[in-house]
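Take a look at the structure below.
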Amino acid sequence: GNPGSSVTQIKSAEAMARLISFVLSMLVPALASDFPLKSQWSATISGDNGLNAGGGTIQGTFSWDSGKLEANWKFNSWFSSQGLEDTMGFACSFSDETACTSLFRKSCYRGLERTRTESMVRLLLALQKNGTHAGDCSAYTNATGSQLWHVQQAGIGNLSMCITSDGLPIGLASDPDKEYVGPSNVGVATFHFLFHNVTLGPQSIKEPQCPTCVTAACPGEGIRSIEVFRLTRGGGEPWDQIWNLDVADLAGEILFDTFFSRPYMKVFNVTVNTSWGPMRDCNFVHGKNTISPPRDASLAKLVGRGDAEGFEWNESPCTGQCGKNELGTYYAFPKEGGCLKGSAMGTDGCTWQVNSVKVVSTECVKSDGQFMAAATKDYSGNKPWPDVQASIRRGIAECPDIRSLRR
């Protein structure tokens, strides 16, 4: 998965919402009898979320009311340096079994993001029900009489929270299970918060109203060829594989990995049916490349499409499925939608076919394309980074296919 998305990525927001289970809401009513945290309070927060994985340091607010909770924060990130609204948050009123509503940059959707916030919220609710006292917080604070509380849930993750002797929050650290969020999303699903200016009292926690998104394919522009890219660390990933993997156009790759830090780039020319489906999330889980379920069975074979990183959600509602996405597009090619070799497009409902693949060394691309000079010019906020895009294309054209070098 894309850490930026990865960090990891508002692609297929409603599909993600469906992954939140009724079990989450069942955690709310019961409290550990000796859990010392005050039941109603608000605070400002600082800390980090995905500091080394496309996120950054954060500033925001956090509210808690007898298990209901709300948090909103703003990132101090490369995205914000480009003039983009890099924000995130959620409100969980538990008014129904979906439990929560999430905001991510310009997107709004019911549920929590499994690859980002869901593990933390589940662990916070488990902490108040089943948390254990794990000593004091002397290693982290000078507050006299502070208590360290901890919870661990198999397959979800672990969370620790420091609480003062009079029941006020000091800080928390939440670390997800890699199989729950996907190994490439561990960074962006890791949270470290410090609480400041704690105020006691009832909180008004209300979920925002999100636009209603229709589950349907885009009208499309027929069959055409597109070029898409995938930065990868290799690690045994087949060079010619595109299915059940996150791929993007060049602007999308800039948002995914700004300085093209991964060692390899796969470049695909693909013939596609442009009746796009909603974006779907791809992850490597339990040793397999997986893709999230389609919102409807009729959409299963369609190529998923969404705006990169949620920055254009308002301009192209429902995750940019059918929009222009001038700041980048993410794609997901479901395995079941691929046309068999030698088959015509549309055979048995197939929607995509790879025409060619080139695999290049990213260092070669950056060197031959003079990437750093272009980045110095563009990364002052010159969206959608035309000089960087041109430099990458030059490098791809000039660099050899690494597969030919290994024969």
Q | Heavy-atom surface of the stretch 364-407, accessible at 1.4 Å and reported per residue (Å²) | A | 56
**Q.** Dipole of the chain [Lys/Arg +1, Asp/Glu -1 at C-beta], most positive-end residue of Ser367, Ser225, Gly187
**A.** Ser225
Q | Ratio of Rg to Rh over the stretch 296-348 (Cα coordinates, Kirkwood Rh, two decimals) | A | 1.09
Q: Find the accessible area per residue for the stretch 259-348; the probe is 1.4 Å, ligands and nucleic acids are left out, and the unit is Å².
A: 40
Q.
Let me spell out the model: positive unit charges on the Cβ of Lys and Arg, negative unit charges on the Cβ of Asp and Glu, origin at the Cα centre of the chain. What dipole size does that give, in debye rounded to 20?
A. 760
Q: Taking every Cα atom in the stretch 151-192, find the radius of gyration and the maximum pairwise distance Dmax, and write them in Å.
A: 12.2, 39
Q) Of the labelled options (i) 1.00; (ii) 0.97; (iii) 1.04, which one gives Rg/Rh (Cα atoms, Kirkwood Rh) as computed for this structure? A) (i)
Q: Could you state the orientation-averaged shadow area of the convex hull built on the Cα atoms of the stretch 39-159, in nm² to one decimal?
A: 8.8
**Q.** Hydrodynamic radius (Kirkwood) for the stretch 271-407, which is based on Cα pairs only, to one decimal in Å
**A.** 17.3
**Q.** Shape metrics for the stretch 270-328, restricted to C-alpha atoms - Rg then Dmax, Å
**A.** 12.4, 37
Q | Convex hull per residue volume in Å³, alpha carbons only, for the stretch 55-113 | A | 74
Q) By accessible area of protein heavy atoms, probe 1.4 Å, what ranking do Glu237, Glu326, Glu85 get, highest first? A) Glu326, Glu85, Glu237
Q) Measuring with a 1.4 Å probe in the full set of protein chains, what accessible area per residue, in whole Å², belongs to the stretch 126-234? A) 50
Q.
Given the options Gly135, Ala99, Gln147, identify the residue whose Cα lies farthest towards the positive end of the charge dipole of the chain (+1 on Cβ of Lys, Arg; -1 on Cβ of Asp, Glu).
A. Ala99
Q.
Can you give me the % of accessible surface on the chain that is carbon or sulfur? Probe 1.4 Å, all protein chains present, nothing else counted.
A. 51
Q) Hey, what do the phi angles of the stretch 391-398 turn into as Karplus ³J(HN,Hα) couplings, whole Hz, using 6.51/-1.76/1.60 and θ = phi - 60°, x for Gly and Pro? A) 5, 5, 5, 4, x, 4, 5, 8
Q. Taking only the alpha carbons of the stretch 180-239, what extent do you get along each of the three principal axes, in Å, biggest first?
A. 58, 37, 19
Q. Given that compact globular proteins tend to follow 2.2 N^0.38 Å, what is the ratio of the alpha-carbon Rg of the stretch 217-326 to that value?
A. 1.07
Q) Kirkwood Rh over Cα pairs of the stretch 105-220 into Stokes-Einstein at 25 °C, 0.890 mPa s: D in µm²/s? A) 150
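The values are calculated or read from the model by the stated rules, or taken from the named source; none is laboratory data. Given the structure is predicted, the values throughout are model-derived calculations rather than measurements. Every residue, glycine as well, gets a Cβ built from its backbone with ideal geometry; the counts of neighbours run over all protein chains shown. Protein only, heavy atoms only, side chains kept; ligands, DNA and RNA dropped before computing areas. Shrake-Rupley method; radii C 1.70, N 1.55, O 1.52, S 1.80 Å.
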